[in-house]
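The values are calculated or read from the model by the stated rules, or taken from the named source; none is laboratory data. These numbers come from a predicted model, not from an experiment. Positions of Cβ are generated from backbone atoms using ideal geometry, with glycine treated the same way; all protein chains shown enter the neighbour counts.
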Amino acid sequence: MTAKKTHRLVPKLRFPSFSDDAFWLAKQLDEICDRVNETVGDTRLTPVSISAGKGFVPQSEKFGRDISGAQYSKYIRLRRGDLAYNRGNSKRFPQGCVYQLTELDEAAASNAFHCFRLHDHIEPSFVLGFFEDNGHGRQLIRHITSGARSNGLLNISAGTFYGITIPLPPTVAEQQKIADCLGSLDDLIEAETRKLDALRQHKQGLLQQLFPQPEKNLPVLRFPEFQNEKEWEELSIQEMMDKNLIVGHLDGNHGALYPRAEEFTEDKGGVPYISANDFMNGEVDFSKCRRLPIDRARQFKKGVAKDGDILFAHNATVGPVAKLSIDRDFVILSTTATYFRCNGKFLSNDFLKYGLASPNFVAQYSGVMAQSTRNQVPITAQRKLKLQLAGLPEQQRIAKCLSDLDAVLSAQVRRLDSLVSHKKGLLQQLFPSLEGQKP
């Protein structure tokens, strides 16, 4: 790489103490690292894999078992601090991902990974910021001539990978400053993630205690004002339907047939077609769901959900529940979701939302689904499932408690998303663009 191509590299955002320093340099990865090719042989080490978004994980954790088999002796011997490039594509890193081994002193990594060790004057956390920003992917994409091979790996050779260009500040001090900045943000994101996990565990614990356990008529926890109220009543879905609970789902044998792939539209004004995969944090993520033209959507007689309905997802996993909030007349549910609609005279809509998410109801549903070969529960079987009901005032009090907790959870999710977005924007500004640079 000639000086003419590298001397104008400057990030959009630079710490004031380095504003007068020289321009950044562009170096090939091979210039700042040593390739790690030592095999493990007979040495017994933990076989590891790499998961996008998580990093190194033991194979036994990712796959449920050690999959190294007869190839183990050819695995690469990694030491703490070494890095590896996984050529597998993922949604987050379509051109593969790079992570540093920090969890173990030594590990055995598949020889399908490109493994390397940075030189002493290179700050690993700085370089990892470049990889997290997918700086390698933007260069490697031009070398990918097809999709993943039959073994799931992209056709990126070692020579191509080590030929990528890395932007480097002229001093180790500036590398360290950027690494410290990103590290502090990572620590904050990790702390906020732990807080979110704790809130979710707290909610799950409340659901277990605010709703009766199987074969019980009273919950473990009951609000003081209801201590002397009567025991809860257990009703099947069918018995609640007899009291005007409406349960609906898409049924291709009645009304319109299931939509074909070519019938969906890219028009954001189309009617959402909601599946179990579109549920997120107690709501429907409309940015993810497919859409149907309005004329086609109007042909459906079943699976037509409306504002305020409680949606219950049932696919490979059971229990995601959402309250539908829309500013349109209706949406269509796929066969992986069911809607519940009540009149509020004997059953609170919001209480129903939490009742369907209670461990007792989810356990019933999972038990029936386990007997299904299609990971779905027929509506006839759904109607036999039972839900325990308190009196309407107690229902409303429980729903209010859990709704308040959901508001805290939603705020925490937004805070975490904001921090992640902030880091993404920061990465784009702390590293100069390599546009025009070819590895």
| note | Apart from one, (1) within 22 Å of ARG383 (Cα to Cα); (2) at pLDDT below 85 all hold for MET241; the odd one out is (2)
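Quick grid of which residues meet (1) outside any loop (DSSP other than H, G, I, E, B); (2) exposed (fewer than 12 other Cβ atoms within 10 Å of the Cβ); (3) not β-branched (Val, Ile, Thr):
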| residue | (1), (2), (3) |
| --- | --- |
| LEU199 | yes, no, yes |
| GLN208 | yes, no, yes |
| GLN213 | no, no, yes |
| PRO219 | no, no, yes |
| ASN228 | no, yes, yes |
| task | Being over 17 Å from ASP30 (Cβ atoms) and more than 22 Å from the chain's Cα centre (by Cα) narrows it down to one of ILE156, ILE122, ILE164, ILE141, so name that one. | result | ILE141
| task | Tell me which residues, restricted to the range 30-50, are in a loop (DSSP other than H, G, I, E, B), in contact with a helix residue (DSSP H, G or I) (Cβ under 7 Å, 6 or more places away or on another chain) and closer than 12 Å to SER68 by Cβ. | result | VAL40
| query | Within the set of pairs 6+ apart or on separate chains, which have a first residue in the range 178-193 that is without any contact (Cβ under 8 Å) to a residue 60 or more places away in the chain and surrounded by 14 or more Cβ atoms within 10 Å (Cβ to Cβ), a second that is assigned to a helix (DSSP H, G or I) and not polar (S, T, N, Q), and C-beta atoms under 6 Å apart? | reply | ALA179/PHE126
| said: Could you list, ordered by first residue, the pairs with Cβ atoms under 7 Å in which the first is in the range 54-70 and part of a helix (DSSP H, G or I) and the second is among the hydrophobic types (A, V, I, L, M, F, W, C) and surrounded by 15 or more Cβ atoms within 10 Å (Cβ to Cβ), at least 6 apart or interchain? | reply: GLN59/VAL48
| request: Tell me the strands (runs of 3 or more DSSP E) entirely within the range 314-369 that contain at least 1 residues that are over 16 Å from ASP285 (Cα atoms) and assigned by TED's automatic domain parsing to the domain that holds ASN281. | output: 318-323, 337-341
| Does THR165 meet the test of being in the same structural domain as LEU13 (by TED's automatic domain parsing) and surrounded by 14 or more Cβ atoms within 10 Å (Cβ to Cβ)? | yes
| task | Considering every residue within the range 385-405, establish whether at least one is farther than 30 Å from ASN228 by Cβ and in contact (Cβ under 8 Å) with a residue 60 or more places away in the chain. | result | no
| said: With the condition being of a type outside the set (A, V, I, L, M) and modelled with pLDDT of 85 or more, I'd like the strands (runs of 3 or more DSSP E) fully within the range 244-306 carrying at least 2 qualifying residues. | reply: 271-274, 290-292
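Let's see how each residue does on (1) assigned by TED's automatic domain parsing to the domain that holds TRP24; (2) under 28 Å from LEU426 (Cα atoms); (3) of a type in the set (S, T, N, Q):
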{"site": "LYS54", "(1), (2), (3)": "yes, yes, no"}
{"site": "SER60", "(1), (2), (3)": "yes, no, yes"}
{"site": "ILE76", "(1), (2), (3)": "yes, no, no"}
{"site": "ARG79", "(1), (2), (3)": "yes, no, no"}
{"site": "LEU101", "(1), (2), (3)": "yes, yes, no"}
{"site": "LEU104", "(1), (2), (3)": "yes, no, no"}
{"site": "HIS136", "(1), (2), (3)": "yes, yes, no"}
| request: Run PHE93 past the list (1) at pLDDT below 95; (2) farther than 30 Å from ASP180 by Cβ and report the number of the one that doesn't hold. | output: (2)
| Hey, any hits in the range 80-91 for a residue that's without any contact (Cβ under 8 Å) to a residue 12 or more places away in the chain, over 24 Å from PRO432 (Cα atoms) and not basic (Lys, Arg)? | no
